[in-house]
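Here is the structure we will look at.
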Amino acid sequence: MGLLPVSISIGVLCGVWFHATILIPWLTAWVGYAAWASFYYAGGDTAGLKKSIAANVAGMLQGAIFFWFWTSFGAGNMPLLSLLIGIFCFVMTIEGNIPLLSAIPGQFVGAAVFFGNLGGHIALHKGGISEALVNTFVCMLIGNFAGIISAKLPGLFKKKEASA
């Protein structure tokens, strides 16, 4: 069977998640999908859920701090932006030494999703950093929890072996 059970689980839940974002336009589908992928990268289990959420939130929050710092002290200064990006990426990577943040790509996902989501919230919802942070956090949590559900759901349908 291989990937078939989890593929069905993911397919169904991804469709449900997308439909939820149609019914509630404030929710952002791709943010949840990115967090879902982060969950599977982090191990696809309960320990991976904790690492993925921690890494996503750390990246998202650091991305917001980075964005605030750059817009407050050097917006438009591309050499400064290059330097700050280098420092920012160094920090997210070195934090991988912290066990809870060891899923380093999850931090980059959190930061990238925040930056992408910030642009959408400014354009579509007239919101700013705080609204984008809240939306990113909510949608990433949903994506991570959808990940654990999609990983565990196939096990609910396995035949119980008869005891001898």
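Points worth noting:
- Residue that is at pLDDT 95 or above and either touching a Phe, Trp or Tyr at 6+ places or on another chain (Cβ under 9 Å) or within 20 Å of GLY155 (Cβ to Cβ) (or both), where the choices are ILE22, ILE10: ILE10
- Qualifying residue in the range 75-84 (condition: on the phi > 0 side of the Ramachandran plot and more than 16 Å from the chain's Cα centre (by Cα)): yes
- Condition check for TYR40 on (1) in contact (Cβ under 8 Å) with a residue 12 or more places away in the chain; (2) in contact with a Leu (Cβ under 9 Å, 6 or more places away or on another chain): one failure, at (2).
- For beta carbons closer than 6 Å, sequence separation of 6+ or different chains, a first residue in the range 51-79 that is farther than 14 Å from ALA132 by Cβ and a second that is not in a helix (DSSP H, G or I), the qualifying pairs are LYS51/ALA42; LYS51/ALA103; SER52/ALA42; SER52/ALA103; ALA55/ALA103.
- Residues that are assigned to a loop (DSSP other than H, G, I, E, B) and touching a residue at least 60 places away in the same chain (Cβ under 8 Å) were ranked within the range 1-29; the one that is surrounded by the fewest Cβ atoms within 10 Å (Cβ to Cβ) is TRP26.
Here is a yes/no grid of residues against (1) surrounded by fewer than 21 Cβ atoms within 10 Å (Cβ to Cβ); (2) hydrophobic (A, V, I, L, M, F, W, C); (3) touching a helix residue (DSSP H, G or I) at 6+ places or on another chain (Cβ under 6 Å); (4) within 24 Å of PHE18 (Cα to Cα):
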| residue | (1), (2), (3), (4) |
| --- | --- |
| ALA37 | yes, yes, no, yes |
| GLY43 | yes, no, no, yes |
| THR71 | yes, no, no, no |
| ALA75 | yes, yes, no, no |
| LEU80 | yes, yes, no, no |
| ILE94 | yes, yes, no, no |
| LEU100 | yes, yes, yes, no |
| ALA103 | no, yes, yes, no |
| ALA132 | no, yes, yes, yes |
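- Here is the figure for the range 134-157: residues that are small (Gly, Ala, Ser) and either surrounded by fewer than 15 Cβ atoms within 10 Å (Cβ to Cβ) or touching a Pro at 6+ places or on another chain (Cβ under 8 Å) (or both) total 1.
- Filter result for GLY32 (outside any helix (DSSP H, G or I), modelled with pLDDT of 95 or more and under 16 Å from the mean Cα position of the chain (by Cα)): no
The values are calculated or read from the model by the stated rules, or taken from the named source; none is laboratory data. All figures in this text were calculated on a predicted structure; none of them were measured in a lab. Note that we place each Cβ from the backbone using ideal geometry, even for glycine, and neighbour counts take in every protein chain shown.
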